[in-house]
Amino acid sequence: MWHSAQRRCSLGLGCHTSRVAEFLDDDLEDARFIGTRLNRARVHDAQMEGVKITGTSLANAEIWSNDITGMTINGVDVAPLVEAELDRRHPERRKLLAVDAAGVKDAWAEIEAEWDRTLSRALRLPPSQLFERTDELEWSFVETTRHLIYVDEKFICRVDGEPDHFSPIALPHTSLPSVPPGVDPHVSPAADEVFTVRQARIEQIRAFMRRLDDTELQRDLTPSESTGGPRRAEAVLRRVRTLLREEWLHMRFANRDLTKLVGP
């Protein structure tokens, strides 16, 4: 069903009133849109596996995705082309696929350096703009930082074999069906508090990286429902790669938005 009145609040991110048709958490699998006007439509946080678009005019479209695989346009698989161009623009991106401890440490050092540069850019903003969204469905800089706190704390819990638990100010993925333990969906922390907690988590991960070796990287994290750990066996390396990818992607999104606010 489409909704045109009050939007449902999600994990404390606030609500807004929509004057256009809006589909929220609806199951539209196998739907068909024929002769439909979708000009200026917005698709956010959606699953679109196996989508097929034919006979359609596509102009001035913009796609930001964390994972594009098997995307074919006019018979051409463009996913490898996009990946190659991203690697050309961001050479450090290749480090996210490190397979040994030395490579992982190098990748994390790159992440830390990028975070320092990103934070320096953000602090050039007037304080109020740290909370400003450049798009109503995207996070502000402070919200992005809160999400990175969530990412960091999840990583720390998983590799330490502890139950998942988070700071009240951590901001989880908006698609989660329930609020993770410890998170307060109604909290509105000051920017300084957010940056302080984020720095503390960076230092915790830095300490992990200092003691990381190839043996630890291949250690299996045993599935455990009771500890809130992974539901299937996975090596520390897989969890590390998830951390690096999440960090890099969200800092890239943050810098994209900072460019809109403060310029290059």
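The values are calculated or read from the model by the stated rules, or taken from the named source; none is laboratory data. These figures come from a predicted structure and were not determined experimentally. Ideal geometry is used to build each Cβ from the backbone, glycine not excepted, and the neighbour counts take in all protein chains shown.
Only one entry in Leu125, Leu171 is in a loop (DSSP other than H, G, I, E, B) and more than 12 Å from Leu258 (Cβ to Cβ), namely Leu171. For segment 180-192, a tally of residues being farther than 15 Å from His147 by Cβ and charged (D, E, K, R) returns 1.
Considering (1) touching a residue at least 12 places away in the same chain (Cβ under 8 Å); (2) in contact with a Leu (Cβ under 9 Å, 6 or more places away or on another chain); (3) farther than 24 Å from Phe155 by Cα, the lone condition that Ile73 does not fulfil carries the number (1).
Considering segment 86-108, and only residues there that are small (Gly, Ala, Ser) and either surrounded by 15 or more Cβ atoms within 10 Å (Cβ to Cβ) or in contact (Cβ under 8 Å) with a residue 60 or more places away in the chain (or both), the residue that is farthest from Arg211 (Cα to Cα) turns out to be Ala98. Of the residues making up segment 39-82, those that are of a type outside the set (A, V, I, L, M, F, W, C), modelled with pLDDT under 80 and either closer than 22 Å to Glu247 by Cβ or not in a loop (DSSP other than H, G, I, E, B) (or both) are His44, Asp45, Ser65, Asn66, Asp67, Thr69. Just checking, which of Leu119, Leu130, Leu123 is farther than 30 Å from Asp26 by Cα and without any contact (Cβ under 8 Å) to a residue 60 or more places away in the chain? Step by step, each of Leu119, Leu130, Leu123 is checked, and only Leu123 is farther than 30 Å from Asp26 by Cα and without any contact (Cβ under 8 Å) to a residue 60 or more places away in the chain.
Checked against (1) in contact (Cβ under 8 Å) with a residue 12 or more places away in the chain; (2) in contact with a Ser or Thr (Cβ under 7 Å, 6 or more places away or on another chain), His44 passes all but a single condition, namely (2).
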